[in-house]
Structures are given as C-alpha cells and as structure tokens.
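The values are calculated or read from the model by the stated rules, or taken from the named source; none is laboratory data. Quick caveat, the model's predicted, so the values are computed rather than measured. Positions of Cβ are generated from backbone atoms using ideal geometry, with glycine treated the same way; all protein chains shown enter the neighbour counts.
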C-alpha cells in the first residue's frame, strides 16, 4: 500500500470554497453543528473524537465529533466553536476553520452542519466530564485505512442514507459521525477510494 500524503488544509479549503455545499432544512429537526477537529502535529495529523457519557440526553456512549445543538441568536459556525470549547476546552481563537461539509441528519431528529477546524497539537484539553467520557485521538492514516470498513443502508421516517462503519483499533465509528468522516476524507484527499475498503 502506498503511503498517504500529508493532509493539506490549504488544498481542502480551496476545494470546499469551490463546491456547492448541501444545506438541509427539515421541519421538526433541531439545527446543530460539529467540528471535524484536525490535530496538527509536527510530523502527523490526527482526528479528535469524543466518547459521550451515559448521562447525556441523546447518543449515550457514542463516538462523535465535538459539537451540539444551536443556541438562539448564534450561527452554526459559532455553535461548533462554542460546543467544542465547552466539551473539550479548545478555545475558538486556537481553531483555524478550513471550511464546511454537507449537512446530514440523525434518526434522533438533529440536522448537523459539520465544519473542519485545524488545531495545533499537543493541546491542553479541558474535558467536560458531565458530557464527555473520553477523548479518542485517531491518526489520519488509521482513519484512511481502518481495520475494517463496511456500509449499510438506513431507513427512517421515509428518508434513507448509507451508514458507514469504521472499525479502528477496537473503536467503532458509525452513523452520522462516520458519514461526516467519510466525506471529509474523500474531499481532503480528493479521492473516492478512501477509506481503504477491505483493508
């Protein structure tokens, strides 16, 4: 297998600015936002995920990107930055927003707008233990070529979506988070053959 090139945030920023981003509006679905958080180290890039506690209202114990529901009076970009700060302690001033991915939805009636953000790593995180049980840091190369990758089709209230499953070092990333991750990887590397299916 050839070595994957290092993630190029400038190239992704140009690619995202040039495309028509899908923005959804569905009655009865709550607007929310997440930050696809890229931890930029000296010699490698990593992705930051959170494992939610069993005390939160929705998506208990699931793996997700930092984020949450939109508050009145704020933009969805502001939501992503605020929630990231509240959940894991990354200050908005320390995040370079690279761009926006397509909206997606969840069966729990949330509309999610994903933003891609770059953070210099290592970082002094401050985890909100009421919401976040653990931080999961995944090297980009492991996300590109997981231990196993699979897809299934989900149907809910007349809507359907392909749900990817990333199996990475014993962690399963699935659902809306996996759909967002899949689109990010394909746009970041300008390739439709990632993740490496069957790896």
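Identify the residue in the stretch 100-126 that is in contact with a helix residue (DSSP H, G or I) (Cβ under 7 Å, 6 or more places away or on another chain), in a loop (DSSP other than H, G, I, E, B) and in contact (Cβ under 8 Å) with a residue 60 or more places away in the chain and, among all such residues, is surrounded by the fewest Cβ atoms within 10 Å (Cβ to Cβ).
102
For the stretch 155-180: of the residues being in contact with a helix residue (DSSP H, G or I) (Cβ under 8 Å, 6 or more places away or on another chain) and surrounded by 12 or more Cβ atoms within 10 Å (Cβ to Cβ), which is modelled with the lowest pLDDT? Write out each step before concluding.
If we filter the stretch 155-180 for residues that are in contact with a helix residue (DSSP H, G or I) (Cβ under 8 Å, 6 or more places away or on another chain), which is where we start, we get 161-166, 168-169, 173.
Now drop any that are not surrounded by 12 or more Cβ atoms within 10 Å (Cβ to Cβ), which leaves 161, 163-166, 168, 173.
Numbers: 161: 76, 163: 86, 164: 92, 165: 94, 166: 96, 168: 95, 173: 95.
Step by step, filter the stretch 155-180, then rank; the result is 161.
Return the residue satisfying two criteria in turn: it lies in the stretch 1-46 and is in contact with a helix residue (DSSP H, G or I) (Cβ under 9 Å, 6 or more places away or on another chain), closer than 25 Å to residue 147 by Cα and not in a strand (DSSP E or B), and of such residues it is modelled with the lowest pLDDT.
My answer is 3.
Return a yes/no flag: does the stretch 61-77 have any residue that is touching a helix residue (DSSP H, G or I) at 6+ places or on another chain (Cβ under 7 Å), under 13 Å from residue 36 (Cα atoms), assigned to a loop (DSSP other than H, G, I, E, B) and modelled with pLDDT of 95 or more.
Yes.
Return the total of residues in the stretch 15-52 being buried (at least 22 other Cβ atoms within 10 Å of the Cβ) and more than 18 Å from the chain's Cα centre (by Cα).
0
Out of everything in the stretch 65-80 that is in contact with a strand residue (DSSP E or B) (Cβ under 7 Å, 6 or more places away or on another chain) and within 14 Å of residue 116 (Cα to Cα), what residue ends up being surrounded by the fewest Cβ atoms within 10 Å (Cβ to Cβ)?
Step one: list which residues in the stretch 65-80 are in contact with a strand residue (DSSP E or B) (Cβ under 7 Å, 6 or more places away or on another chain), which gives 65-70, 76-77, 79-80.
Pick out the ones that are also within 14 Å of residue 116 (Cα to Cα) and you get 65-67, 76-77, 79-80.
Numbers: 65: 28, 66: 27, 67: 29, 76: 21, 77: 16, 79: 22, 80: 32.
Ranking the candidates gives 77 first.
Here's a check for you: in the stretch 133-154, which residue that is more than 15 Å from the chain's Cα centre (by Cα) and in contact (Cβ under 8 Å) with a residue 60 or more places away in the chain is surrounded by the fewest Cβ atoms within 10 Å (Cβ to Cβ)?
This residue is 134.
With respect to residue 89, determine if the residue is under 16 Å from the mean Cα position of the chain (by Cα) and either within 28 Å of residue 41 (Cβ to Cβ) or in contact (Cβ under 8 Å) with a residue 40 or more places away in the chain (or both).
In short, no.
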